[in-house]
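To keep things clear, I will list the structure first and then write my remarks on it.
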Amino acid sequence: MEKTFESVLVGKTTDLPEKMGKTMTIGTKEIAIFKLESGRIRAIENRCPHKGGVLAEGIVSGDYVFCPMHDWKISVCDGKVQAPDEGCVKTYPIEIINDEVFILINE
Ligand code: FES
């Protein structure tokens, strides 16, 4: 069965601050959006799998965000928690059309 995505506008690429998280609530989901140093934009679930730290408030370095609560290192590309810690957050695909950023939600 084909997946259907809902496309939600985040804003213009230039509106997103570099290396800082932006929080967006879509329905019951809270999502952290990051513009990386490379200019790429990524979206992940906004809750750390450890104890629920708000990832949009974490420090961004390269392709990773460091949870503001206990410093777990989480990839904003695939959502994986880096060793020695374990876990994963959900990632959301991003689409950029004419400089506008959309998150694709599939549930
Ligand atoms: S809540 Fe994120 S590292 Fe503890």
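The values are calculated or read from the model by the stated rules, or taken from the named source; none is laboratory data. Just so it is clear, the structure is predicted and the values come from calculations on it, not from any experiment. Don't worry about glycine lacking a Cβ; one is built from the backbone with ideal geometry, like all the others, and counts go over all protein chains shown. Heads up: the accessible areas ignore ligands, DNA and RNA and are worked out on the full protein's heavy atoms, side chains in. Shrake-Rupley method; radii C 1.70, N 1.55, O 1.52, S 1.80 Å.
Summed over the range 61-91, residues that are in a loop (DSSP other than H, G, I, E, B) and more than 10 Å from the chain's Cα centre (by Cα) total 14. Of all the residues in the range 40-62, those that are open to solvent by less than 40 Å² (accessible area, probe 1.4 Å), within 19 Å of Ala83 (Cα to Cα) and within 11 Å of the ligand (Cβ to nearest atom) number 5. Out of all the residues in the range 25-39, which are open to solvent by less than 60 Å² (accessible area, probe 1.4 Å) and small (Gly, Ala, Ser)? Within the range 25-39, Ala32, Gly39 qualify. Does Glu6 satisfy the condition of being modelled with pLDDT of 95 or more, surrounded by fewer than 14 Cβ atoms within 10 Å (Cβ to Cβ) and more than 15 Å from the chain's Cα centre (by Cα)? It is false that Glu6 is modelled with pLDDT of 95 or more, surrounded by fewer than 14 Cβ atoms within 10 Å (Cβ to Cβ) and more than 15 Å from the chain's Cα centre (by Cα). The condition (being within 16 Å of the ligand (Cβ to nearest atom), out of contact with any strand residue (DSSP E or B) (no Cβ under 8 Å at 6 or more places or on another chain) and among the charged types (D, E, K, R)) is satisfied by just one residue among Glu86, Glu30: Glu86.
Ile41 falls short on exactly one of the conditions (1) among the aliphatic types (A, V, I, L, M); (2) without any contact (Cβ under 8 Å) to a residue 40 or more places away in the chain; (3) closer than 25 Å to Ile97 by Cβ, and that condition is (2).
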